[in-house]
Amino acid sequence: MKSLFIGSSESRSGKSALCVGLGSILKDKGLNVGYMKPVGSLARTVNKTTYEDDAFKTREALGLSESPDKICPVLISEELVDAKLKGVKKYHKNKIIKTFQDLSAGKDVMILEGMGDIGGGSMFDLSDPEVAALLDAKIILTAKYDSDYVLDRVISDVKLIGDPKQLVGVIFTDVSPANARRIKRTVTPFLRKKKIKVLGYIPKDTLLKSASVADIAEELGGRIICCEEYKNELVKSFIIGAMSPEHALKYFRRSTDKAVITGGDRADIVLAALETQTKCVVLTGNLRPSAQVLAAAEDAKTPLIVVPHDTVTAVTLVEDLIDKITAWEGAKLARMKQFMRNHIDLKAIYRELSVK
Amino acid sequence: MKPSIFDARSVAVVGASSEKGKVGYAVVANLKDSFRGRIYPVNPKYQHLMGFACYRSVLDVKGCIDLAVITVPAKIVPAVLSECGRKKIRNVIVISAGFKETGVEGAKLEHECAGIASRFGMRILGPNCLGLINTHSGLNATFASQTPRRGNIAFMSQSGALCTAILDWAEKEEVGFSKFVSLGNKADLSENDFLRLLGSDAKTNVILGYLESLVDGRGFMRLARRVSKKKPILIMKSGRTSAGAKAAASHTGALAGSDSAFDAAFRQAGVMRVDSGEELFDYAQAFSTQPIPKGDRVAIVTNAGGPGIMTTDACDRRCLRLSSFSQRTLGRLRKGLPPSANIYNPVDALGDADASRYALAVEAVLADSGVDSVICVLTPQAMTDSLAIAKAIVKAARGRKKTVLACFMGGTDMEAGVEHLKGNGIPNYPHPERAASVVSAMVRYSRIKRLRHLAPPSLSGVDRRKVESALDGLYSCGRVAFGLEAFDLLEAYGVRTLKSALVSSQRDALRAARRIGFPVVLKVASPDILHKSDVGGVALNVMEEDVEASYNKLLFNARKFMPKARIEGVYVQEMVSGGKEVIVGVTREPQIGSMVMFGLGGIYVEVMKDVSFRVAPLNRDEVRNMMSEVKGYRILSGVRGEKPSDVKSVEDTLLRVSRLAADHPEILELDLNPVTVFPEGEGCIVVDARMVLDEQYNSLKKQKRGNVK
């Protein structure tokens, strides 16, 4: 059994997406793949079980049956930090090793996901390189290619890892077409000279960053009041509907596959949204639209979601959601796998795992 | 011609009832009152109803049924409709409520009903409507509490409540109708179907409508253009203000669209838009009783100076001319009226004027060939006999093919006279403003009637194919908002655009600038930056030595002020100086289609809102009208010694852009701002452009292919 640890230079660089994509590709090869997020932070409690939100979704996407609270044994919270600062002794490492042994039993490959950025958890001596070393896993470093300065981060992160043999290579994410050319022609040779292997990149893609209508409804604690059958449609952007109706149409026309967020009493805005390509309309302030507007939404086959928040809060929540890669339904997973097959040196990864 | 829904000779009422207060009762009662055809009540509960045999189902009726009126609860309407279909009933009125107006479930039910109807080739009026009336055949298929008297006015309304209010008012005012239609939810039959029917209805002289939305604006325009040549169409379209539009949106579930679009569409189609119910019926009464004036020259006859002046003011405000009388007319007036009377227009027959003086004055002005219409003003004086004067006016007007309106100002003293006028087809208005407004509407209609609608001219140098393939290319970029990419489309339609190149390096910028010729303009190219000058994204008058610095500055500014904007490079363009700026735009309006906009340019355009709209494609007359409608238009013809601008080239640009919009409906929006117009003979040039394409392009394309077949 071999393990791979996926860590990243900064949070939100697409670690979970890589875990799901890689895990899924390995599963397709007939391997028994396990998954664990040794240290996590975004805690969430459902039915008295507390677990890590992202890890939970990744586990679902990989179709694993282990109970969600097992997947992520150490959840860093304010309490835990406080205890650490006051010198209370906790045996996190033992817990991680124990969980790892449980989860990896009978598995061919274990995929381990880092917490946020690579140095996170240092307070507890649980930074990514430390955890990876603890579990004898090699590291794949991901980094969002927002500008050439990403290389500063990558090089310093590799120094943090210390032992160059512990690193499999780097994967750049969110890469624009222009940057893809740059990575291939210029960046890869440059890093090779620094003894850092570039495994490949994941292109910038709106589909990957989209959220389903159902995700939005869940995140906002809202109710889908019509066209629920379209709840799996993917939303790629959102627009706030607070303008005058004649301007609304102008703005709404400029973007596709969008969610429009507006007050539940703005029938004019809702209808303008329905006139253009809109995946759902979020109605804030717990205001239900008139029956006629509902019927118009039914005609346009566009779900309406009534949410309790005001518009500003709803916007913040949706913004967060669309920035994250979540909800692994069919189209997105297929796209992720296609990207990995096309743009990532999978053979190098297979070699590390001693699989063909 | 095939018999229409109005010509039904046998009517089934499904859901007929013997209980007073129920809709099913009221419909049967209304039919029983006046309908001369066969009536078949349908309700399994009864064997007889109000003296008619009652049936379990329409299928049990032996004879044929022309029209079914359905009043049963919404849920069982589909089942009833299927039975009607099997019975081969051609027309159905669904009065029942509980459809689209109640929400999602209702909408589904309504779709189901429309589906059943189209399967059987049946036409549905409603659902959720009052029904319809044909006064001439006595068919009152409504549950209204009144049957209107016969007349030559047809009325259709999207609001059922307005229907009943108008019926009640008409009863009091003794106004008669030919046809009366409540459109309801317009699941199938819409204003277009009834516009067609009423347009060819010999019993109808005026068509009135209250509408909140149009089902098919293009179709409406096509029909209205034809019908308005035969009879006036007066439409009250609500949702004029943005608050009203919001209310309409919530009420009908239809996006109102911009009001100026409706204004333009109505005007181009010869539809007269009215703003209030008062206007609607003021106009209707005159159109239904009086001949259309041949021109705009008005004579006023009054018995008091003040109201005479008020009427004169009111006419002038509405661009009506006051007639100058001929010598002959003046002679007759001088001879017949007291010396202190005013014989010039407005004619003042003085406070003690009696019927004989009115008779003389009205006859004299009506005989004058310089008079097209007469407003007879009367105020109650000590010796005024309103009835006698009314009789005199009626007598004088008889046989003259000129418009005569009365303005008997006052209350009880005027009643007898007003009553007589009304009974003899001379409408009376209590205030001069209203009378003048009516005359002006009639003059407007006389112009509509005369106007010949010319087809848009054929244009040279239009390459439709080229635009189609350019659009295909743009769609493959995976976005919908574009900038100067629009230039290719414009050039393919013979519109001159600025020389321009998109570059992504300083070196290329310099090369392009040398090719174009100095000085040049540099502009940042980004689909996300709408107002480039606001973020320092434009550099003017750039000479060879400044290209590098300007290039860097633009990119720096764009990244600083709009860090999230996608930047595609920098445009290098020829520098245009001098000339006047105008804007030309295209926007596709819901319900109506592509509109062309024209206005004077500059940064204040958004504040002044001095723009005009027309539905594309345009003919030359429409282009000229839309240009002269803009208040600042005179600036183009040159003020205070300036050279006049090349207006002809702007006309040509508008024609071409309107053709582009009409040929390629996938262009949702196109803003040409500014278009610089040079002095006469030197043309005009499009300097900047923005464009949004419709993402549902493919479906439209298919639709277009279908039309070609």
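The values are calculated or read from the model by the stated rules, or taken from the named source; none is laboratory data. All of these numbers come straight from a predicted model, not from anything done at the bench. Backbone-built Cβ (ideal geometry, glycine too); neighbour counts: all protein chains shown.
Any residue at all in the range B:528-539 that is over 43 Å from the mean Cα position of the chain (by Cα) and either surrounded by 15 or more Cβ atoms within 10 Å (Cβ to Cβ) or part of a helix (DSSP H, G or I) (or both)?
Yes, that holds for at least one residue.
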Worksheet entry | Residue within the range B:209-220 that is hydroxyl-bearing (Ser, Thr, Tyr), within 14 Å of chain A (Cβ to nearest Cβ) and under 10 Å from the mean Cα position of the chain (by Cα) present | no
Worksheet item: Could you say whether any residue in the range A:160-177 is among the acidic types (Asp, Glu), in contact with an Asp or Glu (Cβ under 9 Å, 6 or more places away or on another chain) and assigned to a helix (DSSP H, G or I)?
Response: no
Worksheet item: Does the range A:67-78 contain any residue that is assigned to a helix (DSSP H, G or I), of a type in the set (A, V, I, L, M, F, W, C) and buried (at least 21 other Cβ atoms within 10 Å of the Cβ)?
Response: yes
Worksheet item: In the range B:222-254, which residues are of a type in the set (Lys, Arg) and away from chain A (no Cβ under 14 Å)?
Response: B:ARG222, B:ARG225, B:ARG226, B:LYS229, B:LYS230, B:LYS231, B:LYS237
Worksheet item: Going by the structure shown, is A:GLU10 more than 22 Å from A:ILE140 (Cβ to Cβ) and not in a helix (DSSP H, G or I)?
Response: no
Fill in: When residues of the range B:154-203 are limited to those that are in contact with a helix residue (DSSP H, G or I) (Cβ under 6 Å, 6 or more places away or on another chain) and polar (S, T, N, Q), the one nearest to B:PRO3 (Cα to Cα)
B:ASN192
Worksheet, complete the sentence: When the range A:202-244 is checked residue by residue, the ones that are within 20 Å of A:THR276 (Cα to Cα), crowded, with 21+ Cβ neighbours inside 10 Å and among the aliphatic types (A, V, I, L, M) are A:ALA211, A:VAL213, A:ILE216, A:VAL235, A:ILE239
Worksheet item: For the range A:247-267, which residues satisfy the criterion of being within 8 Å of chain B (Cβ to nearest Cβ) and in contact (Cβ under 8 Å) with a residue 40 or more places away in the chain?
Response: none
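Does A:ASP136 meet the test of being surrounded by fewer than 22 Cβ atoms within 10 Å (Cβ to Cβ) and outside any helix (DSSP H, G or I)?
yes
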Worksheet item: Inside the range B:602-620, can you point out the residues that are assigned to a helix (DSSP H, G or I) and either under 23 Å from B:ASP534 (Cα atoms) or at pLDDT below 90 (or both)?
Response: B:VAL605, B:GLU606, B:VAL607, B:MET608
Item to complete: Could you run through the range B:460-514 and say how many residues are surrounded by 15 or more Cβ atoms within 10 Å (Cβ to Cβ) and polar (S, T, N, Q)?
Response: 3
Practice prompt. Find the residue count for the range A:306-319, including only residues that are more than 14 Å from chain B (Cβ to nearest Cβ) and touching a residue at least 40 places away in the same chain (Cβ under 8 Å).
Written response: 8
Worksheet item: Quick check: is even one residue across the range B:162-172 in a strand (DSSP E or B), over 25 Å from B:GLY593 (Cβ atoms), among the β-branched types (Val, Ile, Thr) and out of contact with any Lys or Arg (no Cβ under 7 Å at 6 or more places or on another chain)?
Response: no
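Scan the range B:579-600 and give yes if some residue there is of a type outside the set (S, T, N, Q), farther than 26 Å from B:VAL520 by Cα and in a loop (DSSP other than H, G, I, E, B), otherwise no.
Yes, some residue in the range B:579-600 is of a type outside the set (S, T, N, Q), farther than 26 Å from B:VAL520 by Cα and in a loop (DSSP other than H, G, I, E, B).
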Practice prompt. Return yes when B:SER258 is within 25 Å of A:SER290 (Cβ to Cβ), surrounded by 22 or more Cβ atoms within 10 Å (Cβ to Cβ) and either in contact (Cβ under 8 Å) with a residue 40 or more places away in the chain or of a type in the set (Val, Ile, Thr) (or both) and no when it is not.
Written response: no
Practice prompt. Write out, first by first residue and then by second, each pair whose Cβ atoms fall under 6 Å of each other, whose residues are 6+ apart or on separate chains, and whose first residue, in the range A:268-297, is more than 7 Å from chain B (Cβ to nearest Cβ) while the second is in a helix (DSSP H, G or I) and of a type in the set (Lys, Arg).
Written response: A:THR276/A:ARG253
Worksheet entry | Hits in the range B:229-278 - residues which are at pLDDT 85 or above, part of a loop (DSSP other than H, G, I, E, B) and aliphatic (A, V, I, L, M) | B:VAL271
Worksheet entry | Of residues in the range B:75-113 being within 19 Å of B:VAL23 (Cβ to Cβ), crowded, with 23+ Cβ neighbours inside 10 Å and small (Gly, Ala, Ser), the one nearest to the other protein chains (Cβ to nearest Cβ) | B:GLY106
Worksheet, complete the sentence: For the range B:295-325, the count of residues that are over 21 Å from B:THR379 (Cα atoms) and surrounded by 15 or more Cβ atoms within 10 Å (Cβ to Cβ) equals 8
Discussion item. I'd like the full set of residues that are polar (S, T, N, Q) and part of a helix (DSSP H, G or I), limited to the range B:621-646.
Written reply: B:ASN625, B:SER628
Practice prompt. Kindly provide the set of residues from the range B:204-249 that are buried (at least 18 other Cβ atoms within 10 Å of the Cβ), of a type outside the set (A, V, I, L, M) and within 20 Å of B:SER4 (Cα to Cα), ordered by number.
Written response: B:THR204, B:ASN205, B:GLY209, B:PHE220, B:LYS231
Discussion item. Just checking, does the range A:230-239 include any residue being within 12 Å of chain B (Cβ to nearest Cβ) and free of Cβ contacts under 8 Å to residues at least 60 places away in the same chain?
Written reply: no
Worksheet item: If you check B:GLY425 against the conditions, is it on the phi > 0 side of the Ramachandran plot and more than 32 Å from the chain's Cα centre (by Cα)?
Response: no
Practice prompt. Determine if the range B:64-74 includes at least one residue that is free of Cβ contacts under 8 Å to residues at least 60 places away in the same chain, away from every other protein chain (no Cβ under 14 Å) and either in a strand (DSSP E or B) or among the basic types (Lys, Arg) (or both).
Written response: yes
Discussion item. On the basis of being in contact with a strand residue (DSSP E or B) (Cβ under 7 Å, 6 or more places away or on another chain) and among the aliphatic types (A, V, I, L, M), does A:LEU151 make the cut?
Written reply: no
Discussion item. Being part of a helix (DSSP H, G or I), of a type in the set (Phe, Trp, Tyr), away from chain A (no Cβ under 14 Å) and crowded, with 21+ Cβ neighbours inside 10 Å is true for just one of B:PHE194, B:PHE155, B:PHE180. Which residue is that?
Written reply: B:PHE194
Worksheet, complete the sentence: Note: among B:PHE35, B:PHE52, just one is of a type in the set (A, V, I, L, M, F, W, C), more than 14 Å from every other protein chain (Cβ to nearest Cβ), closer than 26 Å to B:PHE194 by Cβ and more than 34 Å from the chain's Cα centre (by Cα), namely B:PHE35
Item to complete: Could you tell me whether B:SER373 is among the small types (Gly, Ala, Ser) and surrounded by fewer than 18 Cβ atoms within 10 Å (Cβ to Cβ)?
Response: no
